[in-house]
1. Need the failing condition index for ALA140 against (1) within 17 Å of the chain's Cα centre (by Cα); (2) among the small types (Gly, Ala, Ser); (3) farther than 30 Å from LEU8 by Cα, just the number.
2. Mind checking which residues of the range 40-50 are over 21 Å from the mean Cα position of the chain (by Cα) and exposed (fewer than 11 other Cβ atoms within 10 Å of the Cβ)?
3. Kindly provide the set of residues from the range 65-97 that are among the β-branched types (Val, Ile, Thr) and either part of a helix (DSSP H, G or I) or touching a His at 6+ places or on another chain (Cβ under 9 Å) (or both), ordered by number.
4. ARG42 fails exactly one of the following numbered conditions: (1) in contact with a Ser or Thr (Cβ under 9 Å, 6 or more places away or on another chain); (2) of a type outside the set (A, V, I, L, M); (3) free of Cβ contacts under 8 Å to residues at least 24 places away in the same chain. What is the number of that condition?
5. Given the condition in a loop (DSSP other than H, G, I, E, B), at pLDDT 95 or above and more than 15 Å from GLU79 (Cα to Cα), answer yes or no: does some residue in the range 40-50 qualify?
6. Going through the range 29-46 one residue at a time, which ones are of a type outside the set (D, E, K, R) and closer than 18 Å to ARG169 by Cα?
7. Could you grab me the full set of residues in the range 157-174 that are among the aromatic types (Phe, Trp, Tyr) and in contact with a Leu (Cβ under 8 Å, 6 or more places away or on another chain)?
8. SER38 versus (1) farther than 19 Å from HIS83 by Cβ; (2) hydroxyl-bearing (Ser, Thr, Tyr); (3) out of contact with any helix residue (DSSP H, G or I) (no Cβ under 7 Å at 6 or more places or on another chain): which is the lone unmet condition?
Amino acid sequence: MSPRIAPLSAPYPAEVQAVFDRIMPPGMDPLVLFRTLSSVPRIWEKFRAGSLLDKGPLDLRQREIVIDRVCARCDCAYEWGVHIALFAKRVALTEAQIQALATDGADAAVWSEEERLLIRAVDALHDTIDIPDALWSALAATFSHEQILEVVALCGFYRTVAYFCRALRLPTEAYGAALTRAV
């Protein structure tokens, strides 16, 4: 698959290189997504301004469950591949959990009740752009308001990421994990 907009190639403009140096792990090439969006400075600036790459109120595992589920629901193989490859092992997602994020409902036996709530929230936002009252009450009994808002923000941001990845026809990163089948 060829991207619809050519990503920047090295050497990058100094200001772009400085951002890549801050956000990419040492020795890792900048993501195709980042190199493509940085070709339009205004979009790159707005994308980075809306980014949720910093440490937020969810722990890394919770965050990744939300992001991976959004990617699966949006059938975004590019971002799924990056996150599974870079974070799944770090947050102790098992192969069964990775598969469940892509193919099963929130009630899969591989999840804790807290994790099921996160997946239900992602699914509700994906399907209805809302969180029903009963689910909100269950979330509020388990998570802080800051954490719930983080879930909503992550869902919205990564849906936007999926729009970019899919509309731009970004090829998956060479190291990316395969998205077998979205839910």
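1. (1)
2. Looking only at the range 40-50, we keep the residues that are over 21 Å from the mean Cα position of the chain (by Cα), and these are 40-42.
Scanning the range 40-50 gives a single hit, ARG42.
3. Taking the range 65-97 first, the residues among the β-branched types (Val, Ile, Thr) are 65-67, 70, 82, 84, 91, 94.
Within the range 65-97, ILE65, VAL66, ILE67, VAL70, VAL82, ILE84 qualify.
4. (1) is the only condition that ARG42 fails.
5. As a first pass, look at the range 40-50 and keep what is in a loop (DSSP other than H, G, I, E, B): 40.
Checking the rest, the ones that are also at pLDDT 95 or above come to 40.
Retained after the next criterion (residues that are more than 15 Å from GLU79 (Cα to Cα)): 40.
Scanning the range 40-50 turns up at least one residue that is in a loop (DSSP other than H, G, I, E, B), at pLDDT 95 or above and more than 15 Å from GLU79 (Cα to Cα).
6. The first filter runs over the range 29-46 and keeps only residues of a type outside the set (D, E, K, R), leaving 30-34, 36-41, 43-44.
Answer for the range 29-46, where residues must be of a type outside the set (D, E, K, R) and closer than 18 Å to ARG169 by Cα: PRO30, LEU31, VAL32, LEU33, PHE34, THR36, LEU37, SER38, SER39, VAL40, ILE43, TRP44.
7. Kept after step one, since they are among the aromatic types (Phe, Trp, Tyr), are these residues of the range 157-174: 157-158, 163-164.
PHE157, PHE164, listed by residue number.
8. Answer for SER38: the failing condition is (3).
The values are calculated or read from the model by the stated rules, or taken from the named source; none is laboratory data. Here the structure is a predicted model, which is why all the values come from computation and not from measurement. We place every Cβ from the backbone using ideal geometry, glycine too, and count neighbours over all the protein chains shown.
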